[in-house]
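Trainee: Here it is, the structure in full.
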Amino acid sequence: MSGAPSRDIPLADTFNLRDLGGYATTDGRRVRWRRLFRGAALQRLAGGDVEMVRDLGLVTAIDLRTAGELEARGGYPIEVLPVTFHHLPMIEAIWDLTDLDPDEAPERYLVARYREMLVGGAATIAETVRILSRPENLPAVFYCAAGKDRTGVLAALVLDALGVEAASIVADYHLSKERVERIRARAGGGAMVDQPLAFMQAPEGAMELLLAWIREERGSTAAYLEGIGVARETIASLHDNLLERQ
């Protein structure tokens, strides 16, 4: 991908805004650059970060955080970055980590939570796919707090529905590990630093297990999406709007 745009959007106050473009699909196409982004804590956008994000030309922002997070930390700064804003929580409440076994393999804990999202977050997943299937809604970004779990699951589902190779989906998910470490470093002694190790990881195994589970239980991500009410025509439109020939 010589001459391709940068995947990372290097912001000063949040560290996990990335372009989902450039990934190859199994039928010889690739995801268009600068059409779809995944992010973290975009309520923090200010100063020079605003201008950098403005240059992306976003017209849609989808906030996957809980109602409590939105109320406590604020929403997307539409007063300086006008977009159509959607608040579509992936989970009802932040995970309770008090009983988490510190010796449990991170991927086992995470994939269990991710499978829960496929059920509890089904309405959000379906509506997000519908939004992204409409060309007037692009370029778009979806985001949560750290851009790792809720955003990671949704990104994986979209990429898988587009036919992106599984290895690329897993690699994209794992990119969040280093970014979350930067978020922790910035947080200093904050709550994020005190979270159990499993919560802070983005191990390839978690996404490999999730994709395998979807295939075993639902047949494919496309079949899962149809099962939660996304029409085949909507998935076809998603392809039309986000894919191009290499």
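Trainee: Expressed as a rounded percentage, what relative contact order does the chain have, with Cα pairs under 8 Å and six or more residues apart?
Mentor: 26 percent.
Trainee: While we're here: Through the Karplus equation 6.51 cos²θ - 1.76 cosθ + 1.60, θ set to phi - 60°, convert the phi angles of region 72-84 into ³J(HN,Hα) values in whole Hz; use x for Gly and Pro.
Mentor: 6, 10, x, x, 4, x, 5, 5, 10, 10, x, 8, 7
Trainee: Kindly write out, for region 46-58 in residue order, the coupling ³J(HN,Hα) from the Karplus curve 6.51 cos²θ - 1.76 cosθ + 1.60 (θ = phi - 60°), rounded to whole Hz, with x marking Gly and Pro.
Mentor: Residue by residue, region 46-58 yields 6, x, x, 4, 4, 5, 5, 6, 4, 5, 6, x, 4 Hz.
Trainee: List the equivalent ellipsoid semi-axes of the chain in whole Å, largest first, each obtained as the square root of 5λ for an eigenvalue λ of the Cα gyration tensor.
Mentor: Numbers: eigenvalues 122, 105, 61 Å².
Over the Cα atoms of the chain, the semi-axes work out to 25, 23, 17 Å.
Trainee: Give me the 1.4 Å probe accessible area per residue for the chain, excluding ligands and nucleic acids, in Å².
Mentor: Value returned for the chain: 44 Å² of accessible area per residue.
Trainee: Accessible area of the chain with a 1.4 Å probe: how many percent of it is carbon plus sulfur?
Mentor: 50
Trainee: For G75, list long-range residues whose amide hydrogen, built 1.01 Å from N in the peptide plane, is under 5 Å from its own amide hydrogen.
Mentor: none
Trainee: Counting each DSSP H run of 4 or more residues in the chain as -39500 (n - 2.57), what helix-only mean residue ellipticity at 222 nm follows after dividing by all residues, to the nearest 500 deg cm²/dmol?
Mentor: My calculation for the chain gives -13500 deg cm²/dmol from helical runs alone.
Trainee: Still on this structure, I have one more. Applying the Karplus parametrisation 6.51 cos²θ - 1.76 cosθ + 1.60 with θ = phi - 60° to the phi angles of region 223-231, what ³J(HN,Hα) value in whole Hz is obtained for each residue in order, glycine and proline being reported as x?
Mentor: Coupling constants for region 223-231: 5, 4, 4, 4, x, 9, x, 8, 5 Hz.
Trainee: Got a sec? What order do K177, K148 fall in by accessible area at 1.4 Å, biggest, i.e. largest, first?
Mentor: Solvent-accessible surface, decreasing: K177, K148.
Trainee: Would you look at the GNM of the chain, springs on alpha carbons closer than 10 Å, and say which of V230, V119, V170 moves the most?
Mentor: Evaluated over the chain, the most mobile residue of the options is V119.
The values are calculated or read from the model by the stated rules, or taken from the named source; none is laboratory data. As the structure is a prediction and not an experimental result, all values here were calculated from the model. Calculation scope for accessible area: heavy atoms of the full protein, side chains included, ligands and nucleic acids excluded. Shrake-Rupley method; radii C 1.70, N 1.55, O 1.52, S 1.80 Å.
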